[in-house]
Structure formats: structure tokens, C-alpha cells
Amino acid sequence: MTNTDITFPEGFLWGAATAAYQIEGAAHEDGRKDSIWDVFSREPGAVADAHNGDIACDHYHRSADDVALMKQLNLQAYRFSTSWARCMPDGMTPNVEGIRFYSRLVDQLVAAGIKPWLTLYHWDLPQALEDQGGWANRDTAYRFAEYAAVMHEALGDRVRIWTTLNEPWCSAFLGYAAGIHAPGRQDPRAALAAAHHLLLGHGLAAQELRRRDPGVQLGLTLNLTVPDPVDPGSDADVDAARRIDGQFNRIFLDPVFRGQYPQDVLDDVRHLGLEEFIEDGDLAVISEPLDLLGVNYYHGEAVTTSVDPAVDDAGPTPQGRPVASPYVAADGVRSVPRGLPVTGMGWEVQPDGLRRLLVRIHEEYTGPAGMPVYITENGAAYDDVPDRSGFVDDQDRLAYFDSHLRAVRAAIDDGADVRGYLAWSFLDNFEWAWGYHQRFGLVRVDYDTQQRIPKASALWYARAAAANALRTPGPVQQAGSGPA
Ligand code: GBH
């Protein structure tokens with residue numbers, strides 16, 4: 001991290017992101033029915049302290065104030081997700097009252113001059129569809145395309161940027177293999193079926209949106225990682241890194257950009273039947289051309305297969321019940337700490353991983369397709385300590401944003417076509433299995449009063465957005481405690 005001022009290319013988009021279940025609350029209002037996260041949150045040991053999204057940030061009742069705050073913070077774009085269970089509670093039948101909430105929100109954003117960026121699926125499948133097999137059931141992909149059509153009918157005149165899925169890796173492998181996320185299943189075969197059906201649903205929805213609206217900006221958001229072998233001289237470690245890259249990154253990138261699954265991944269998972277789920281024509285649907293790729297990046301990882309009992313690789317876990325590995329064909333592969341600084345989640349702070357990732361994605365996938373990339377999420381949880389007025393002087397989070405934005409700028413210098421950055425997250429919110437114990441917000445939420453108080457990072461970010469430039473040194477580097 002350096003102290004020089006840097007400027008972003010003209011038109012670089014500055015914004016922030018959230019997701020429906022993490023902020024809305026109003027879980028049982030206006031016809032909304034259970035999603036898999038409502039049900040999962042009620043299972044003993046699934047979410048820390050049995051927290052749930054019943055109330056969350058009460059954004060459902062406070063969207064006007066929240067949009068006013070976004071405007072005050074100079075956000076140019078707001079990435080939110082729509083709740084399928086609110087808009088089509090049984091997964092199939094539109095619920096006018098639920099949809100009306102998003103129509104109002106979009107009007108509020110447009111009136112404030114903030115670009116609405118809609119994600120159709122951020123993990124909250126209607127439980128009614130899970131009861132029929134969820135994403136492991138091929139039908140869910142077709143229901144998803146119908147849902148996309150219903151949402152576009154209601155909002156397409158005002159929302160011009162649509163992403164289908166947020167992080168299908170998490171939905172498939174944390175939800176169906178590890179059991180860390182809803183629906184909490186631990187079935188590697190179902191996880192691979194889910195991965196394929198998520199991709200198919202993405203493609204069907206993309207085709208549907210394109211057919212209805214040729215001018216729509218269409219995208220998909222993937223969470224990508226940067227796996228490095230612990231020992232680059234060890235064949236086993238190099239193979240471990242290949243497997244993680246395959247099962248995390250390329251299993252989604254290759255079908256979308258190249259219309260085929262990577263051969264090494266097909267070989268690794270053959271015993272789990274991935275190929276049985278693929279029907280003729282699926283890959284043509286999945287590779288429907290897009291207008292942008294959304295990249296969510298939090299950290300990379302050093303991977304190995306060698307066992308060192310002195311190293312505790314488990315990290316902190318929020319769950320009271322046993323979880324499995326999300327990697328379905330990577331026996332013995334583990335991520336080990338490199339001694340980098342870590343966030344409150346225990347995730348390593350590695351901004352150069354973001355630069356390398358963006359350059360690699362540009363060279364191998366988006367560049368050849370002539371497609372721009374947006375950072376659709378990046379951010380950090382830290383132990384926030386509010387002062388008596390509720391203000392949080394979060395120099396650690398500020399430094400995280402600063403260093404990662406510098407990595408984005410460096411990737412642009414290296415040729416990557418990155419057009420914008422959406423910070424995760426606008427508000428502190430329901431951090432999935434961690435409940436309310438982890439705070440990612442630019443803005444503090446007091447969950448007793450629902451008061452919103454911008455943190456130091458938010459004030460810093462607002463200035464950066466307005467200037468389209470970073471003018472740090474932040475006090476953290478001066479104190480010598482920031483990331484190297
Ligand atoms: C995003 O996913 C989500 O889109 C967002 O809703 C969420 O609030 C935000 O991140 C913060 O968590 O288990 O130690 O091996 C995060 C994607 C992918 C990042 C898996 C952590 C594994 C860490 N995550 N990765 S570990």
C-alpha cells in the first residue's frame with residue numbers, strides 16, 4: 001500500500017451492494033413466504049446464536065431513508081437483490097404486493113440519481129421449491145427463468161443492469177455439499193447437480209431477459225479465488241491448487257465463456273455424476289453472451305495436501321453443528337495461513353490477489369469476449385468499536401478498501417477492463433451463518449434502534465467516489481498496523 005494519489009478512469013462507477021435476506025426483514029409481511037434461509041435459520045446450530053433475518057436492518061420499511069443516505073454518501077450505483085420468496089412466494093405465482101416494494105425502491109433510487117443494479121438471486125430460494133429438490137432439481141432452472149420474466153415485466157423499464165445469480169459456488173457447494181449455508185445439505189452429488197442447474201437457470205434467464213429487452217445490460221456475479229500452491233515445487237501442492245481453481249473458478253467460468261466444462265474438473269468429479277445432469281443443448285444456453293462479468297473478491301488462499309498438525313486450518317466457525325468440506329473432489333486439500341493479516345472473518349488480507357485475479361480473468365475469459373468487469377463485492381468485517389455517539393473509526397476497514405481499490409487500479413494499468421467497484425456492504429447486516437456477529441457495513445446499524453451511522457470508511461469512500469480518486473494516506477499506515 002502506497003501513499004500516492006491515484007485517479008480512476010473517467011466514468012468509473014462507484015457504488016455499494018447488499019442482498020435481500022441480509023437487510024430487508026419483514027420476513028412475514030405482504031404475502032412473503034419462507035425462503036430456504038428462513039427455514040435454515042430455525043435449525044439448531046445452523047446460525048450463530050440462532051439469529052435470523054426476520055427483522056435484519058428493517059430495510060423493507062426504511063428504504064426511503066436508506067436511499068437518502070446512499071445519496072449523501074455519493075453512491076452512484078446500488079446493487080441489491082430481489083427476494084424470490086417475496087415476489088413469488090410459492091416459487092411460481094407472482095405476489096403483487098411483494099413486487100411493489102422493489103418498484104418503490106427503484107423509483108426512490110432513480111429519483112436520487114442512483115443507478116439500480118438488480119441481482120435476481122442472492123441465495124434465498126423459495127422453500128416451496130426446495131421441498132421439490134431445490135437446485136438439485138432441474139425444474140428449478142425453468143422456474144428461475146419465469147421469475148426473471150416476472151421481475152423484468154415489473155422493473156425492466158427502470159432497471160437497466162441485471163445480474164442473474166450471485167455466487168453460484170456458494171449456493172451449490174456451501175449449500176449442498178458443506179451444509180454451511182441453506183439448505184444445509186451435505187451431498188456432493190446434489191451439489192454438482194445444483195451447480196449445473198444454477199448455470200442452466202442463469203442461461204435460461206439471460207436468454208429470457210435478452211429476448212424481452214435487447215438493450216438490457218446482462219451479467220453474472222461469481223466469487224472467484226486465487227489459489228496458490230504452498231510449495232510451487234511440490235507436484236501435490238500444484239495439483240491441489242489446480243483442483244481448487246477448477247472446482248471454485250473454472251467450473252463456472254468455462255461453461256459461461258467457452259460453452260464447456262473444464263476437462264480436468266469433469267475427470268475429477270466423474271464418480272459423482274456431473275455428466276449425467278447435462279442434457280443436449282444445455283451448454284449453448286449457459287454460454288448465452290453477456291454484457292459484463294461481476295467479480296466478488298474477498299481473499300485468495302494458499303493450498304496444500306500435506307498435513308501439519310501444528311497448523312490449525314479450520315479457522316473460526318460460527319456453527320454449532322458439524323460442517324463438511326465444500327470441495328467435492330479434493331480429498332486432503334486444505335488452505336493454510338500465510339501469516340498475512342486477517343479480517344474478523346479470519347480471511348487473509350491479500351489485495352495483490354485481486355490484481356492478479358483481474359488480470360488473469362481478462363486474459364483468459366473476459367478480454368477475448370470483449371467484456372467489461374465490475375467488482376460487484378469487496379469488503380471486510382472487523383470488530384467495530386463505536387464511540388458514545390455510535391461513530392466507528394474503522395481505519396482497518398478503510399485500509400482494506402483503499403488497498404483493494406489500488407489493486408483494481410493496478411489491474412487496469414495491466415490491461416484489465418474494470419469499469420466499477422461496488423463495496424460490500426452498504427449496511428452492517430445479517431452475515432449468513434455468522435448472524436449479526438460480523439459487520440461488513442460502510443454504515444453502522446444499531447440493531448436495537450435501527451439507527452444508521454456512517455463509519456469513517458463511509459466518509460472516506462464518499463470522498464473517493466466524488467473525486468473518482470484516492471487521496472489517502474490513512475492513519476492506519478502511519479500507525480504501522482495496516483496490511484503490508
Ligand atoms: C459474499 O460471499 C456474499 O455474496 C455476501 O452475501 C456476504 O455477506 C459477503 O460475501 C461476506 O461474507 O470458509 O474460510 O474457506 C462471500 C464468498 C466464499 C468468501 C468462500 C469466503 C471461503 C472462506 N465467500 N470463502 S472459508
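Every number here is computed from the coordinates shown, using simple stated rules; none is lab data. Note that the coordinates shown come from a computational prediction; the quantities given were computed from them, not determined experimentally. Neighbour counts are summed over all protein chains in view; Cβ atoms, including those assigned to glycine, are modelled from backbone coordinates with ideal geometry.
The residue among V106, Q127, G435 whose Cα reaches farthest toward the positive pole of the charge dipole of the chain, with charges on the beta-carbon of Lys, Arg, Asp and Glu, is V106. How are the C-alpha pair distances of segment 159-289 spread across 5 Å bins, as whole percents from the shortest bin up? Going from the shortest bin to the longest, the percentages are 2, 11, 18, 21, 19, 14, 8, 4, 1, 1, 0. Computed from the Cα positions only, the extents of segment 239-389 along the three principal axes stand at 58, 38, 27 Å, in decreasing order.
Assuming charge only on the beta carbon of Lys and Arg (+1) and of Asp and Glu (-1), the dipole of segment 373-434 about its Cα centre is about 220 debye to the nearest 20.
The base-10 log of I(q)/I(0) for segment 371-430, evaluated at q = 0.12, 0.14 Å⁻¹, reads -0.38, -0.49 [Debye formula, identical scatterers on Cα atoms, solvent excluded].
If you build the convex hull over the alpha carbons only and average its shadow over all orientations, what do you get for the chain? Give it in nm² to one decimal. Show your work: numbers first, answer last.
Values: hull surface 84.6 nm².
For the chain, averaging the hull's shadow over all directions gives 21.2 nm².
Of all lysines in the structure, those lying under 17 Å Cα to Cα from K71, and not within fewer than 8 positions of it along the same chain, are K115, K455.
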